[in-house]
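**Q** Once you've had a glance at the structure underneath, I'll fire off some questions.
The values are calculated or read from the model by the stated rules, or taken from the named source; none is laboratory data. Small disclaimer: the values here were computed from a predicted structure and weren't measured. Positions of Cβ are generated from backbone atoms using ideal geometry, with glycine treated the same way; all protein chains shown enter the neighbour counts. Accessible surface is based on the protein model in full, side chains and every heavy atom, while ligands, DNA and RNA are left aside. Shrake-Rupley method; radii C 1.70, N 1.55, O 1.52, S 1.80 Å.
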Amino acid sequence: MSAPGFWDKPEAAQELGRKRARFEKRIQAGEAIESKAEELDVLLELQREGEHVDADIEKLVDQLEAEINAIEMTMKLSGEHDDRDAIVAIHPGAGGTESQDWAEMLLRMYLRFCERRGWSTEMVEYQAGEEAGIKSATMMVRGDYAYGYLKSEHGVHRLVRISPYDAAKRRHTSFASVYIYPDIDEDIEIEINDKDLRVDTYRSSGAGGQHVNVTDSAVRLTHLPTGIVVTCQNERSQHKNRDVAMKLLRARLYQVEVDKRQEAQEKLEGEKKDIAFGSQIRSYTLQPYQLVKDDRTHVETGNINAVLDGELDQFIEAGIRWRNTPSEE
């Protein structure tokens, strides 16, 4: 980083700076554990000499367990793009206002989870529902191993509750899909031919602003061979929106290739997982009882309000372990 000309390419320099920060964080974590281990040895020696240090030992052991668990999680995130930022897209299922409201609840849940971890988020595309909720939303998540932590959230999420939009107060089941993609490098080998693209421009929708509903700055890209559609409307210029939309499309196409390889590998190995791509992964039940249960890891909790407020760590960590569990013969 101290070499002449290092900052001539700002994007590459920033990426290397992020890698350096990750390495430094790992080194600091290792040094902190070593220091606490030495402190624990001293406390154990004092305990053997009859000192009343049991409470101090218990507190230090709890800290060590938490820090070792965090390092263990990071070590399991060894996928090709696990250390990268993430793109999170949320789409409601069939059901109109009810499922659109559920999609917005999920968006809030992930925003709060990112906030708790100190990650930054940027809304790329947001389409509000006619009555409530959202028709779709896409956001960038920037943070250490954001994609590695979030990728196990990819799938269909199911909500059961008494609908606030039903005058008869009947119980409704709603679905929403969460898609997680890595924010991949510009130079990744994903070839996109201009002839395979349809580019549409339209006026951005939103609460207001200098350029909102004035110029056709929003961009929609349709990849004709796959039918994948991406949109971006958060930038003021059409050119910037197109650049962001291309980044999203590249990530989507990359994920398609990853899914193809994974499907082929699972056919060779036999099915390890008891769900298929895109199927229901978690149920959130508000009535007649309160329970959040993951259908893959079987982790569950009755504190559904905390989960919807972003306390996802137990589900995220279980998902990471589940992905790293060797398939049984």
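**Q** When a/c is below 1.5 the answer is rounded, else prolate if a/b is larger than b/c, else oblate, so apply that to region 64-204 with a ≥ b ≥ c taken from the square roots of the Cα gyration tensor eigenvalues.
**A** oblate
**Q** Between Glu130 and Val61, what is the FRET efficiency for a Förster distance of 51 Å, r being their Cβ-Cβ separation, to the nearest 0.05?
**A** FRET efficiency, Glu130 to Val61: 0.40.
**Q** Another question, if that's okay. What nm distance separates the two modelled labels at Lys76 and Thr226, each placed 7 Å from Cα along Cα→Cβ?
**A** 2.8
**Q** Further, regarding this structure: Can you tell me which of Gly155, Gly310, Gly129 moves the most in a GNM of the chain? Springs connect C-alpha atoms under 10 Å apart.
**A** Of Gly155, Gly310, Gly129, the most mobile in the Gaussian network model is Gly129.
**Q** In the chain, what percent of the accessible surface is made up of carbon and sulfur (1.4 Å probe, ligands and nucleic acids excluded)?
**A** 48
**Q** Still on this structure, I have one more. Which pairs break 26 Å Cα to Cα here: Lys135/Lys169; Lys25/Lys293; Lys151/Lys195?
**A** Lys25/Lys293; Lys151/Lys195
**Q** Using 7 Å Cα-to-Cβ label points, what is the Glu300/Lys19 separation (nm, one decimal)?
**A** The two pseudo-label positions are separated by 4.5 nm.
**Q** Let me ask something additional. Okay, which of region 231-260 sit inside 15 Å, backbone N to the point 7 Å along the Cα-Cβ direction of Asp196?
**A** 246-260
**Q** On alpha carbon coordinates alone, what is the Rg over Rh value for the chain, Rh being the Kirkwood radius?
**A** With Rh from the inverse mean 1/r over Cα pairs, Rg/Rh is 1.02.
**Q** Kindly provide the Kirkwood hydrodynamic radius of region 21-126 in Å, to one decimal, from all pairs of distinct alpha carbon atoms.
**A** About 17.9 Å for region 21-126.
**Q** Okay, moving on. Put Ser99, Ser237 in order of accessible area, largest first, 1.4 Å probe: what do you get?
**A** Ser237, Ser99
**Q** May I ask you to give the solvent-accessible area per residue for the chain, in square angstrom, as obtained with a 1.4 angstrom probe?
**A** Dividing the accessible area of the chain by its residue count gives 56 Å².
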